[in-house]
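Trainee: Let me give you the structure first, and then I'll get to my questions.
The values are calculated or read from the model by the stated rules, or taken from the named source; none is laboratory data. A quick note: this is a predicted structure, and the numbers were derived from the prediction, not measured. Don't worry about glycine lacking a Cβ; one is built from the backbone with ideal geometry, like all the others, and counts go over all protein chains shown. All accessible areas refer to the heavy atoms of the entire protein, side chains included, with ligands and DNA or RNA removed. Shrake-Rupley method; radii C 1.70, N 1.55, O 1.52, S 1.80 Å.
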Amino acid sequence: MAVCEVCGNDYDMAFEVHAQGAVHVFDSFECAIHRMAPVCEHCGCRIVGHGVQVAGRFFCCAHCAGSAEPGGGGATDRVG
């Protein structure tokens, strides 16, 4: 069995995630998200979906990107 690096649970169905040359062990997607998902620079939530990147900064949505950028940043969630 393997031990989750986030919660410490020793679980027979733990899984590995290989990213940027490192190997991480988790017992759930929840723990993997907690450790690996980027954080929105405006509201602080974990970015689980695609998110929005503006000038090298990560946001969960266009609203947060616009709130953090002077003049609104020009990000949109949908082009209509």
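Trainee: With +1 on the Cβ of every Lys and Arg and -1 on the Cβ of every Asp and Glu, and nothing else charged, how large is the dipole of the chain about its Cα centre, in debye rounded to the nearest 20?
Mentor: With Lys and Arg at +1 and Asp and Glu at -1, about 420 debye.
Trainee: Using modelled backbone amide H atoms (1.01 Å from N, in-plane), which distant-in-sequence or interchain residues come within less than 5 Å of ALA2's amide H?
Mentor: TYR11, ALA14
Trainee: Next question. Please give the contour-minus-distance gain from VAL48 to GLU16: 0.36 nm per residue of separation, less the Cα-Cα distance, rounded to one decimal in nm.
Mentor: Length gained, VAL48 through GLU16: 9.7 nm.
Trainee: Could you work out the mean projected area of the convex hull around the alpha carbons of the chain, in square nanometres to one decimal?
Mentor: Across all orientations, the chain yields a mean hull projection of 6.6 nm².
Trainee: Continuing with this model, one more query. Using helices alone, what [θ] at 222 nm do you get for the chain, with -39,500 (n - 2.57) per DSSP H run of 4 or more residues, divided over all residues and rounded to the nearest 500?
Mentor: The helix-only estimate for the chain comes to -5000 deg cm²/dmol at 222 nm.
Trainee: Excluding ligands, DNA and RNA, what is the solvent-accessible area per residue of the chain at a probe of 1.4 Å, expressed in Å²?
Mentor: 69 Å²
Trainee: In the chain, if the dipole is taken from +1 on Lys/Arg beta carbons and -1 on Asp/Glu beta carbons about the Cα centre, which of ILE47, VAL17, GLY66 is farthest to the positive end?
Mentor: GLY66
Trainee: Ok, one more. Expressed as a whole percentage, what fraction of the accessible surface of the chain belongs to carbon and sulfur atoms when a 1.4 Å probe is rolled over the protein heavy atoms?
Mentor: Here it works out to 53 percent.
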